[in-house]
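Only the coordinates and a few stated rules stand behind these numbers; no lab work does. Please read all numbers here as calculations on a predicted model, not as lab measurements. Every residue, glycine among them, receives a Cβ derived from its backbone with ideal geometry; neighbour counts consider all protein chains shown.
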Amino acid sequence: MTIEWLDDEIPGKFKNIEDFLALMDGVQLSLEEKQFVIQVRAEENLQRAKSRANEQPGGIDPSRAHIETERGRVDRYVVMEDTASSNQGGNPNSALAIEAGRNAYDVTLMNADGEVVNKYEVGAMEGLHILTDAAKLPRRSGGGARVKRHVKIRMKKRGGGGGRASRRD
């Protein structure tokens, strides 16, 4: 939404009245305060989740996750990062799995020749909602991906080569 009659009156470095208002000192100070409060709550929630991680073996492991803040031109961000190898093989989406949870998925282990060695299912996990609760946002039900996943893991041949990398469907 723009207020067109005001857009003509604002200084040249701003595109519209919304940019002008958003970059005012009072608005930026308020954003920094909100960011700080959300960051503190998120770090508290994360520490609480880390202390409870040992109570549920096999659950989502937030032990290497950490909270960071970032600043855009106008907005402020509070983000959780986790690239722990124990969560989805170091996938940068591990923080998303910690926050929103994951659906169950099937895994097929194959040897280097492509023969099936083992099949099993990884269970669904409830998200910890660390950032959602810190920002006092409503929780979305049904976290995780909406499609059924199947992961095929193929072992590499010994001797420094061969074999195919893992494939996710």
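Here is how the numbers come out for the structure above:
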item	result
Sites Asn118 and Glu32 - FRET efficiency at Förster radius 45 Å, r taken between beta-carbons, to 0.05	0.30
Burial ranking of peptide ranges 115-127, 94-106 (average Cβ count within 10 Å, highest at the top)	94-106, 115-127
Gain upon complete extension [Glu126, Glu81; 0.36 nm per residue less C-alpha separation]	14.4 nm
